[in-house]
Amino acid sequence: MTHVFHRHTHTLPPVAVRGDGVEIIDSTGKRYLDASGGAAVSCLGHSHPKVIQAIKDQVDQLAFAHTAFFTSRPAEQLADHLVAHAPDGLEAVYFVSGGSEAVEASLKLARQYFVEKGETQRRHFIARWQSYHGNTLGALSVGGNRWRREPFAPMLIEAHHISPCFAYRFRRDDESEEEYGRRVADELEEKIEELGPETVAAFIAEPVVGATAGAVTAVPGYFRRIREICDRHGVLLILDEVMCGMGRTGSLFACEQEGIVPDLVCIAKGLGAGYQPIGAVMVAQHIYEAIRGGSGLFQHGHTYLGHPIACAASLAVQQAIQEEGLLARVLEIGDVLNDALLDRFGNHRHVGDVRGRGLFRGIELVADRSTKQPFDPALKLHARIKAEAMERGLICYPGGGTIDGKLGDHILLAPPFIVEKQHIDTIVDRLGGAIDAALQSVQVR
Ligand SMILES: Cc1ncc(COP(=O)(O)O)c(C=O)c1O
């Protein structure tokens, strides 16, 4: 009998005891190829020597110093490194311990920015359906995943949602990609006007949608239009790059590939690559200056923010990404992964779409390719695929509710940046086996 309150109380997961490159080894000696980095976390695999050494060195020096009293060298160095490698204009880093905390901090910071400027009526947040921004109450409120929100709806703060940019599902046949992008981006302007532009604080979106929809990229031009609309109405743009950032799509920040710079960007997961829990909000100069030139104090804070060991680990991770040329590698091996997925699943009768960017790839499953009809959600196909994959020694990240929070199944892949061609062959092979076995178990071939 376990005393751990596990994520699911009906099943006991295997005991992970060791990490070895792209694999995790359990207490029975079974090896699992980590094709999703857990949930797009472990971008350097599970045993990077320099990161491990950096953690040991930091513990020997200083384990913890509360940020109400001290700063630390690792925090200062990591912030310098991030600012040096971020798009121009992002100038200050507020450290936290994970993705949800980063989103919470970004929402409060956006609000306080307007309070400092005397625009106290700006209180509304707009987000998109089919997004995930975390499980704390503020992050869940802006999140657009219906099943995650439902039980907690009475507790959520007011937030407003517009359509996602999800061309495979929602582009009309009579629209070009550009027209579609413009139509859904313009929903933001309509919503701002409906609420009253002087009352809207910020719009938040994932540049590439991760957990809820499976590596959905926006159509070209969508985010430039979003940036224009925000600028026109003085609304802040918060990008949630918790999952898609830190090199996952082949650039350190996913927004670099959209040609825009946000006012605030949330990062986590790949920031510490799982070696330590860490997240951050990076902010544009004008946000920082509004606080510095106003009250001086961002009215927030957690005990563990800027934790020296987490910052030391993260700095080593970020240095490894640069020194080992991993951003270029993500693009290169990401193409290899995409080709392998298309080879194996491009003509699969129950795969409707293979999508994504870099080492962030998604597969959407359908009952019928021509009508894109999803499977009956009661079959829980995504959960069956996860179990079949684990059986075969493969970690992937399947999800349900892809289309609207209820319907649809997808699989998210986000392997470590050190993945090799032979691992990709194994991933595709085991995944194919898992999908086919899951389909068979629901009597679909
Ligand atoms: C886009 C995005 N934002 C926020 C979060 C929440 O991060 P965390 O689980 O570290 O709190 C996640 C987690 O999956 C995420 O994918």
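The values are calculated or read from the model by the stated rules, or taken from the named source; none is laboratory data. All values reported here derive from a predicted model rather than from experimental measurement. Don't worry about glycine lacking a Cβ; one is built from the backbone with ideal geometry, like all the others, and counts go over all protein chains shown. Areas reflect the complete protein model, heavy atoms only, side chains present, ligands, DNA and RNA absent. Shrake-Rupley method; radii C 1.70, N 1.55, O 1.52, S 1.80 Å.
If you go through the stretch 137-181 and pick out every residue that is more than 16 Å from the ligand (Cβ to nearest atom), touching an Asp or Glu at 6+ places or on another chain (Cβ under 9 Å) and closer than 17 Å to Ile238 by Cβ, you end up with 2. Within the stretch 236-263, being out of contact with any Pro (no Cβ under 9 Å at 6 or more places or on another chain) and either within 13 Å of the ligand (Cβ to nearest atom) or of a type in the set (Gly, Ala, Ser) (or both) holds for Val242, Met243, Met246, Gly247, Arg248, Gly250, Ser251, Gly259. What are the pairs, 6+ residues apart or on separate chains, where a residue within the stretch 53-78 that is under 17 Å from Tyr94 (Cβ atoms) has its Cβ under 7 Å from a residue that is among the aliphatic types (A, V, I, L, M) and surrounded by 16 or more Cβ atoms within 10 Å (Cβ to Cβ)? Note: pairs meeting the criteria are Thr67/Leu305; Pro74/Ala312; Pro74/Leu315; Gln77/Leu315; Leu78/Leu315.
Counting the residues of the stretch 276-321 that are crowded, with 24+ Cβ neighbours inside 10 Å, within 14 Å of the ligand (Cβ to nearest atom) and either part of a helix (DSSP H, G or I) or of a type in the set (Ser, Thr, Tyr) (or both) gives 2. Is at least one residue of the stretch 113-133 open to solvent by less than 60 Å² (accessible area, probe 1.4 Å), farther than 28 Å from Gly181 by Cα, at pLDDT 95 or above and among the hydrophobic types (A, V, I, L, M, F, W, C)? Yes, the stretch 113-133 contains a residue that is open to solvent by less than 60 Å² (accessible area, probe 1.4 Å), farther than 28 Å from Gly181 by Cα, at pLDDT 95 or above and among the hydrophobic types (A, V, I, L, M, F, W, C).
The helices (runs of 4 or more DSSP H) found entirely in the stretch 28-103 that carry 2 or more residues being open to solvent by 10 Å² or more (accessible area, probe 1.4 Å) and within 16 Å of the ligand (Cβ to nearest atom) are 37-40.
Candidates Gly334, Gly358: the one that is surrounded by 21 or more Cβ atoms within 10 Å (Cβ to Cβ), within 29 Å of Val51 (Cβ to Cβ) and out of contact with any helix residue (DSSP H, G or I) (no Cβ under 9 Å at 6 or more places or on another chain) is Gly334.
For the stretch 365-404, a tally of residues being buried (at least 20 other Cβ atoms within 10 Å of the Cβ) and of a type in the set (Gly, Ala, Ser) returns 4.
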